[in-house]
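Inspection log for the structure reproduced underneath, given as structure tokens.
The values are calculated or read from the model by the stated rules, or taken from the named source; none is laboratory data. Model, not experiment: these values are computed from the prediction. Neighbour counts are summed over all protein chains in view; Cβ atoms, including those assigned to glycine, are modelled from backbone coordinates with ideal geometry. Heavy atoms of the whole protein, side chains included, go into the accessibility calculation; ligands, DNA and RNA do not. Shrake-Rupley method; radii C 1.70, N 1.55, O 1.52, S 1.80 Å.
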Amino acid sequence: MDTEFLDWALADFSGYVAADELYDGPFCILSAVDNRCYKRILYEVLDHDPNHDDIRAFLNRLKTALQARDLTLRGITTDGSSLYPEPLAEIFSKVPHQLCQFHVIKEITKGVLQAVAKTRERLAQSKPKLKRGRPSSKDQAARRRARKSKAIQEQISELFQDRYLFVRRHLKPSERKRLMRITRGFPQLRKLRELMEQVYALFDRRCRTQTALDKLTKLRQRLNRFKHLGETLQKLYSPTLEKALTFLDDKLLPSTSNAVERGNRRYR
């Protein structure tokens, strides 16, 4: 890459980098961006899906550019891709590797929403079967089944329309009140919301990484008591969640790879 461009890109280097790959048809673009100044430092276009050798070569280019200017890499952030951990451990072994908080939480919220969807499916299966047409005023049993079916359908609709309440980070008092109403009779859904709040608490900047890891251990122990939730929230047992807490020991290390993601969105 042009030396003049690298001089410009690294003139006010913060020490923190975000790396990511962008797929475009048969091509893949590897990018490294300053995670605080939002300047693109390096890129490389491949005509195939990247492998560990490609990532090693790319990271070695970054290391060479930094060493030539006597600059130090203090932290690097990537998404949850398996392409980066091994090459980073070889080339930047002493540099903290942060996994993007957004990507990790996204996978957990997906599991929570799937659990809510399964509850809706079970409710739909519990609806009594009705005959076609309006039930006769003399057939009290049929009218009771119709009322029950209508009530269940209203529950299903509410759980679908307000599913965001289970994963939103902060709830207003009115939203919390509505959540308690629509989960009446569903203690497992209330537990889901409680667990989600504990997940968000892990990423509190006021904590250190070890404190957050201790909280995570307690959360996993609690999850073991709810086997039906454990199957849904398997991501809570993933080591990627632990790597997403690295930023808590460095106030300047960004918790997300948003800097490089912005460039990818502009390209798209």
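Before moving on, here are some points about what is shown:
- Projected onto its three principal axes, the C-alpha set of the range 117-268 covers 72, 43, 29 Å, listed from the longest axis down.
- By a 1.4 Å probe calculation restricted to protein chains, HIS48 has an accessible surface near 70 Å², given to the nearest 10.
- Rounded to the nearest 20 debye, the dipole size of the range 180-246 about its Cα centre is 220 debye, using +1 on the Cβ of Lys and Arg and -1 on the Cβ of Asp and Glu.
- Ranking CYS28, ALA18, ALA244 by Cα position along the charge dipole of the chain, where only Lys, Arg, Asp and Glu carry charges on their C-beta atoms, puts ALA244 farthest toward the positive end.
- Total formal charge among the other residues, if their Cβ is under 15 angstrom from that of ASN35, Lys/Arg +1 and Asp/Glu -1: 0
- Only Lys, Arg, Asp and Glu carry charge here, each on its Cβ (+1 for the first two, -1 for the last two); on that basis the chain has a dipole of about 3660 debye about its Cα centre.
- Unsatisfied cross-links (Cα-Cα over 23 Å) in the set LYS94/LYS243; LYS191/LYS218; LYS118/LYS218: LYS118/LYS218
- Trypsin sites (Lys or Arg not before Pro) restricted to DSSP loop in the range 125-165 with at most 11 other C-beta within 10 Å: LYS129, LYS131, ARG132, LYS138
- Stretched out straight at 0.36 nm per residue, the stretch from ARG169 to ARG220 would grow longer than its current Cα-Cα span by 16.4 nm.
- Computed about its Cα centre, the charge dipole of the range 102-244 is approximately 840 debye, with only Lys, Arg, Asp and Glu carrying charge at their Cβ.
- Options [x] 20; [y] 42; [z] 60 - which one matches percent of Cα pairs over 32 Å apart as calculated here: [y]
- The angle separating the long axis of helix 52-68 from the principal Cα axis of greatest extent in the chain is about 50 degrees.
- The length gained on full extension between ARG190 and LEU213, counted as 0.36 nm times the residue separation minus their Cα-Cα distance, comes to 5.9 nm.
- Cut-off 9 Å between beta-carbons: net charge of the residues surrounding GLY263, Lys and Arg +1, Asp and Glu -1: +2
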